[in-house]
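Only the coordinates and a few stated rules stand behind these numbers; no lab work does. It should be emphasised that the depicted structure is a prediction, and the values quoted were computed from it without experimental measurement. Every residue, glycine among them, receives a Cβ derived from its backbone with ideal geometry; neighbour counts consider all protein chains shown.
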């Protein structure tokens, strides 16, 4: 079913104690707005708006299921989104997006988050393609894993880790944003929704065997995000790898450009068998924080030529 062209809330709209400034983002499941509270502080507000299920027409702010058939699915998703907001509001960590409020209005649910200034890791990758330093990678991901450890401590999974959901603030500190939990709970209605995963970054068990989801699922996505920092693009999608694994190991692709330890770590995280990956964020974090292994061996002439060719091809 094609996603409906939903209308955003109008600029200046009063939503409880917040005033909408403008729409700043969104995807198949939500819209995100910049808003100001009654103290004139900037906040980000995420509105649950799954385009495959609901329709808000021009001139209206009410969200309605696009058919009777979709109403039950939408109501279930609404409950999951609300519970996601409740769970995230209990987490107060500098490397996890801070949820300050969540409420029902306009027949849907809104999640209010601290407004962060900076850019996504994806934007950083695009601006520095092929030249991202190992010191930057280790620092950013070691800090991000502090946040992910806190998430897992609360018995939650992120389930949508990718460079566009990893935000780097102006001071260089990273923050995890845009959790995928509410989307994942709708998997039994997959035919009604857009995919609940991002190809290249999602672990194999997010496609099949969903009862095997665990911390190792987010760790696969961390590995894929690390791979994207080096390559400038995501690794081969996990479902395709299960059929015909063409992914060149990081240890082969970037030998000499980055430390052996970092490359081995990426390959370890990207194991198709979830039991062969690091089983906890703590064990992965210890490796990334080992800066004594950071200095790469001198690159050979052949590896330098190969990297130059890759840049020209991609």
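Applying 0.36 nm per residue to the separation of residue 61 and residue 292 and subtracting their alpha-carbon distance, the gain on full extension is 77.6 nm. Sequence-distant contacts, meaning Cα pairs under 8 Å at least 6 residues apart, place the relative contact order of the chain at 13 percent. Hull volume per residue, based on the alpha-carbon atoms of the stretch 37-82 and their convex hull, is 103 Å³. Does anyone have the angle between helix 301-313 and the longest principal axis of the chain? Alpha-carbon axes, 0 to 90°, nearest 10? Result, in degrees: 30.
Working note: 222 nm ellipticity from helices only, DSSP H runs with n ≥ 4, each -39,500 (n - 2.57), summed and divided by the residues of the chain, gives -10500 deg cm²/dmol to the nearest 500.
Computed extension length for residue 86-residue 107: 5.8 nm, one decimal, from 0.36 nm per residue of separation with the Cα-Cα distance subtracted. Computing FRET efficiency as 1/(1 + (r/R0)^6) for residue 136 and residue 242, where r is the C-beta to C-beta distance and R0 is 30 Å, gives about 0.40. Please work out which option in [x] 34, 23, 20; [y] 36, 22, 18; [z] 30, 26, 18 gives semi-axes √(5λ) of the Cα gyration tensor in Å calculated from these coordinates, and answer with its label. Computing semi-axes √(5λ) of the Cα gyration tensor in Å and matching it to [x] 34, 23, 20; [y] 36, 22, 18; [z] 30, 26, 18 gives [y]. Figure legend: label point modelled 7 angstrom from the Cα of residue 119 along Cα→Cβ; residues of the stretch 147-176 with amide N under 20 Å from it are 162-176. Against the main long axis of the alpha-carbon atoms of the chain, helix 260-269 sits at an angle near 40°.
Take every DSSP beta bridge whose two residues both sit in the chain; close to 95 percent of them are antiparallel.
Annotation: the stretch 32-147 has a Kirkwood hydrodynamic radius of 16.8 angstrom, from the mean reciprocal C-alpha pair distance. With respect to the chain, whose longest principal axis is taken over its alpha-carbon atoms, helix 68-89 is tilted by about 60°.
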